[in-house]
1. Find out how many positive minus negative residues lie around residue 42, taking Lys and Arg as positive, Asp and Glu as negative, among other residues whose Cβ is under 12 Å from that of residue 42.
2. List the aspartates and glutamates whose Cα sits under 13 Å from the Cα of residue 168, skipping any in the same chain fewer than 8 residues away.
3. Using a 1.4 Å probe on the protein chains only, how many percent of the accessible area of region 116-227 belongs to carbon and sulfur?
4. Counting only helical runs of four or more DSSP H residues, what would the 222 nm mean residue ellipticity of the chain come to if each run contributes -39,500 (n - 2.57) and the total is spread over all its residues?
5. List the lysines whose Cα sits under 21 Å from the Cα of residue 167, skipping any in the same chain fewer than 8 residues away.
6. What number comes out for the charge environment of residue 228, summing +1 per Lys or Arg and -1 per Asp or Glu over other residues with Cβ under 10 Å away?
7. May I ask for the longest run of the chain untouched by GluC sites (Glu not before Pro) that are loop-located per DSSP and have at most 16 neighbouring C-beta atoms (other than their own) within 10 Å?
8. Leaving ligands, DNA and RNA out of it, work out the accessible area of residue 349 with a 1.4 Å probe and give it in Å² to the nearest 10.
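The values are calculated or read from the model by the stated rules, or taken from the named source; none is laboratory data. Here the structure is a predicted model, which is why all the values come from computation and not from measurement. Positions of Cβ are generated from backbone atoms using ideal geometry, with glycine treated the same way; all protein chains shown enter the neighbour counts. Heavy atoms of the whole protein, side chains included, go into the accessibility calculation; ligands, DNA and RNA do not. Shrake-Rupley method; radii C 1.70, N 1.55, O 1.52, S 1.80 Å.
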Amino acid sequence: MKKFDTIIRKEIGDGFMQYFDVVLLYIFDRFKGERSLSAVYHLLTGKKSSQTIQDGKLFNIGQFFGVLKKLNRAKLEQHVSSLQEAGLIKPNQHEGYEITSSGREALTSFLASNPLPEYLAGWQYHKVSDLYWQRLSLFVQSLSYSIRGNMSFYPISKDETIQNWVKKHFPMTKEKRVTVAENLFQEMQTILNKLPDRDASMFVMRLSGIGRTGLTISQLADMQKISYEETSIRLQSVIHAILKWVQNHSGQSPILASMIEGEGEELPLTLSTKQTYKLLESGMTIEQIVHLRRLKRSTIEDHLVEIAINVPEFSIDAFVDPKAQADIRLASKEIKSQRLKLIKNYVKDQYTYFEIRLTLCKEGI
């Protein structure tokens with residue numbers, strides 16, 4: 001940690017925002033120089049494209065998917081420029097960046113005492129985390145005011161669907177509200193006690209109630225003297241931890257579990273991919289789906305890759321011969337790369353880009 005701080009102060013100065021840069025170093029290290037800066041940007045902002053989804057799986061960085069949805073591209077480039085000037089990364093011929101030995105040393109040193117949030121799971125929960133937070137925070141605010149006999153307050157969520165959900169699930173009597181509030185407190189305390197104190201405290205400070213307005217992310221960042229990006233990621237991690245807990249222990253947290261109703265069962269596939277998946281399940285071939293949907297074959301192949309990533313029971317044997325799968329996995333390990341072109345050259349063009357891509361994503365090389 002001290003060595004990392006020394007490098008930063010010497011090379012970049014006091015304006016360096018350590019945490020976000022460490023996240024970038026971590027992603028660059030996982031990408032191994034094989035993806036462009038746009039790939040980093042699309043991952044962090046949660047672009048629902050087949051390439052970004054594939055990258056998250058192949059390089060095992062899906063936890064960062066969509067955790068900084070409001071990230072400005074110019075700000076990303078500014079941080080990348082600072083990292084490059086400090087000699088922690090270097091550009092390559094793939095329009096991406098490779099982490100240097102100094103960068104890897106700094107990354108390892110930082111993570112040794114400041115590990116990334118354990119419960120961060122951007123890809124798994126990106127579709128429900130914002131919705132869940134809005135439901136929970138408005139529910140807590142409403143309970144706080146109603147128990148004290150005050151239902152005249154400015155709701156923290158202006159979304160009518162959120163307000164309607166809370167109204168539908170809100171206890172009808174004061175006695176029930178008191179009971180629900182006590183039980184909800186116990187449920188949240190059980191989960192938050194398992195998390196780092198600072199992360200749990202920041203989450204609680206975001207909540208609003210009577211006589212208390214929850215802090216914004218910017219306000220929390222200023223209070224904690226950390227960056228907006230770090231604050232955002234840590235808060236996301238807490239929400240993901242709650243979601244994971246209630247999915248696995250719904251009986252122990254019935255109130256928190258109720259707030260994810262209708263949202264947790266659905267496969268995390270894009271709308272178009274869902275349509276392709278239904279047709280595959282009905283027994284149709286790729287060619288038949290291409291003809292029926294009037295889409296390019298490459299588009300349907302993208303859908304298959306997305307399905308392979310997100311549906312554990314989905315077999316790719318009908319699309320890639322098992323022997324070919326073994327050859328592709330072996331080639332990737334031997335050349336220590338997941339670049340499709342390099343693997344294709346190594347296997348002497350025996351297999352298509354689609355077969356290679358599908359195999360890598362399904363197996364998680």
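1. My count for the surroundings of residue 42 gives +4.
2. Hits, sequence-local ones excluded: 160, 261.
3. Looking at region 116-227 in its full context, I get 52 percent from C and S.
4. That calculation yields -19000 deg cm²/dmol at 222 nm.
5. Output for residue 167: 158, 176.
6. Around residue 228, the charge tally is -1.
7. Excluding the exposed sites themselves, the longest stretch runs over 119-260.
8. About 90 Å², rounded to the nearest 10.
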